[in-house]
Amino acid sequence: MSKIRDAMNRARTGANGPETEASAVVGGPEAVPAPEPDPASQVAPPAQERGPGGLVPAMSADTLQYLESIGKQVEVALGPTERRALVFTAPVPEEGVSSVVSQFAQMLSLRGEKVLLIDGNPRHPSVQATFDVPGSPGLAEHMTGKADQVDIIRKTEFANLSVVAMGSCADRMQAEAVTEGLGQFVESVAAEYDYVLVDVDHVGSPFFSTALVGSADGLVLVIRSGQTNRAVANRACETVRQVGGRILGVVLNRREFPIPDFIYRRL
């Protein structure tokens, strides 16, 4: 029976942890090598219920525990530093970046960190809906001088967590200008927070902020399991490195496991 249990555990977890419908893996898997040595893998089960702020789902104890483990790994990768400005992005669209960074921000705030989450994706802004805050004025209005910084940083229903919405971009030219100015904006607010997290468009998008990536303290790449192949993920990693970005690790989102959990409860 022990041999069967061991075999099933290997099938269930692979290299990345226990069964879950949606999981997060921080570290450099073989398909997407990351520069940090010996990254530990963790998974985060999906949250099932809606939380107090907008569309942010309430986190189960297991989800919170795994996200805390991811946070510790990020801290180890960054080393001693007074500033933690992190970029979250993906190789292609629809990998779930906004969901991952929103829950990561929530976890950090729950453990007492002062966090600012910035929506840096003019094509698919999500912060205003996720946290139920006004979408305008936002980053776009601030960049054009129509709003002060203090007017676009909004508190959420989560203690210690504030957000900046994208705002309204009049055209593509303004959207590109906003993304080009993201790095400077982050520099202007970073000293006031323990963590500044920026949700940006996918690598290769015309709205992917290379200036921000090059100046940030690190980048987390979100990959949807079963959707993004190795070659695409590796090209994204190479692009990030070429612009001076530092890849801290990879989050494997929506990973599915073939063996139901009830089987393990019977062993």
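Each reported figure results from applying straightforward, stated rules to the coordinates on display, with no laboratory input. Since we're looking at a predicted model, the values are computed, not measured. Glycine gets a Cβ as well: all are built from the backbone with ideal geometry, and neighbour counts include every protein chain shown.
For residue 224, the amide hydrogen comes within under 5 Å of the amide hydrogens of 253, counting only partners 5 or more places away or on other chains and with H modelled in the peptide plane. Each residue of the range 209-219 is assigned a 3J(HN,Hα), and the resulting list reads 7, 5, 5, 5, 4, x, 9, 6, 6, x, 10 Hz, derived from the Karplus form 6.51 cos²θ - 1.76 cosθ + 1.60 (θ = phi - 60°), x at Gly and Pro.
When only DSSP loop residues count, what GluC sites (Glu not before Pro) in the range 68-171 have their Cβ near at most 14 other Cβ atoms within 10 Å?
Counting only loop positions with at most 14 other Cβ atoms within 10 Å, the GluC sites (Glu not before Pro) in the range 68-171 are 82, 94, 157.
The 3J(HN,Hα) values that the Karplus relation (6.51, -1.76, 1.60; θ = phi - 60°) gives for the range 116-128 are, in residue order, 10, 9, 10, 7, x, 10, x, 6, 9, x, 9, 4, 4 Hz. Gly and Pro appear as x.
Within the range 172-247, the proportion of Cα pairs with more than 18 Å between them is 43 percent.
Binning all Cα-Cα separations of the range 88-157 at 5 Å, short to long from zero, yields these whole-percent fractions: 3, 14, 26, 23, 19, 11, 3, 0.
Placing R0 at 30 angstrom, the Cβ-Cβ distance between residue 184 and residue 136 gives a FRET efficiency of 0.90 after rounding to 0.05. Label-to-label distance, residue 146 versus residue 176, with points set 7 angstrom from Cα along the beta-carbon direction: 2.0 nm. In this simple spin-label approximation, residue 168 and residue 154 carry label points 7 Å from Cα along the Cα→Cβ vector, and these lie 1.4 nm apart.
Applying the Karplus relation 6.51 cos²θ - 1.76 cosθ + 1.60 with θ = phi - 60° to the range 226-236 yields 3J(HN,Hα) values of x, 10, 9, 7, 4, 4, 5, 5, 5, 5, 5 Hz, where x marks Gly and Pro.
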